[in-house]
Amino acid sequence: MQYAYPLLAIFIWAGNTVINKLAVGAIFPAEIGFYRWLLAGILFTPFMLKPVIAHWPLIRPNLGKILILGVLGMAVYQSLAYYAATLTSATNMGIILSLMPLMTLTAAIISLGQRLTFGALSGAVLSFAGVLVVVSSGSLGALLQHGLNLGDAMMLIATLAYAVYSTLLKKWQLRLPPLVLLYLQVLVAVVVLFPLFLASEKVGLDGANIPLVMYACLLASMLAPLAWMHSVKHLGPSRTTLFFNLLPLITALIAALVLKEQLALYHLVGGVLTLGGVILSERWTTPISRT
């Protein structure tokens, strides 16, 4: 039964990648990015005000760190994903997202002093090759000639932002209840994204886009993080992270069913290489140097 929680989170996040694509033409990226966090903040507030006040002595000296976490993990990561969806496929986005555990491991090696392993080095090369296959549509010559698709580039930056976010979360070890920390980051996202929302074009909320905003808010912003945190608590971070490897496959399947996206051979080859690299980095833990 414990495995149901990480699986639920992964299915929701995979679905949210497809929601990003469905939002194209129905609502502007700056709108859905702001509305999802605003609604989440409104729904969380009645339950979170008392815990925030109770933990204020610990929150106050860490406001700068909470601001950075909120900007990276909530504002930059998801906002870039909405803009990327206007320029690339949900399948590509899912495969690029699968780099996140490897990026997080690399960041941990650089900033946390974690030992470099043979698996991390080999996995990085293999996953990088997989992503190159995907973003080049199977033609490296075309990639060299025309450059990287802007949507894929945005998704790579978004994934890197979340990897840095995850690393800082581990490095700083803020002694706050997970739900309190999540709520504070939601508030940061609302404040940071408000100027972009004001400056951007708007279509307003209507019957076509309200379900998209509700999914992004209720499921992707609230239920999925809670399910993930529950899994980390009961299964541990290492076992929980393994479920992230299912994200590109589930995203591709949902995109094929809902968006009718065609799965090409390069998606399969790139996805297998990327996923293989991540698994290799997690499983082959022999340090390169023992000195």
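What follows is calculated from the coordinates using simple rules that are stated; it is not laboratory data. Bear in mind that the values here come from a model prediction, so they are computed numbers and not experimental data. A quick note on method: Cβ atoms are made from the backbone with ideal geometry, for glycine too, and the neighbour counts reach across all protein chains shown.
At a glance:
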item	result
Theoretical gain in end-to-end length, residue 68 to residue 285 [0.36 nm per residue, Cα-Cα removed]	75.1 nm
Residue with peak Gaussian network fluctuation, the chain [Cα springs, cutoff 10 Å], from 22, 198, 116	198
Contour minus Cα-Cα distance for residue 210 and residue 234 (0.36 nm per residue)	5.2 nm
Relative contact order for the chain, counting Cα pairs under 8 Å that sit 6 or more residues apart, in percent	44 percent
Non-local Lys pairs in the chain, i.e. 8 or more apart or on different chains, that have alpha carbons under 19 Å apart	6
Rough spin-label spacing in nm, given labels placed 7 Å along Cα→Cβ, for residue 199 and residue 265	4.5 nm
Neighbour net charge for residue 177 - beta-carbon separation under 14 angstrom, K R +1, D E -1	+3
Computed log₁₀ I(q)/I(0) - Debye formula, equal Cα scatterers, no solvent, the chain, q 0.07, 0.17 Å⁻¹	-0.26, -1.53
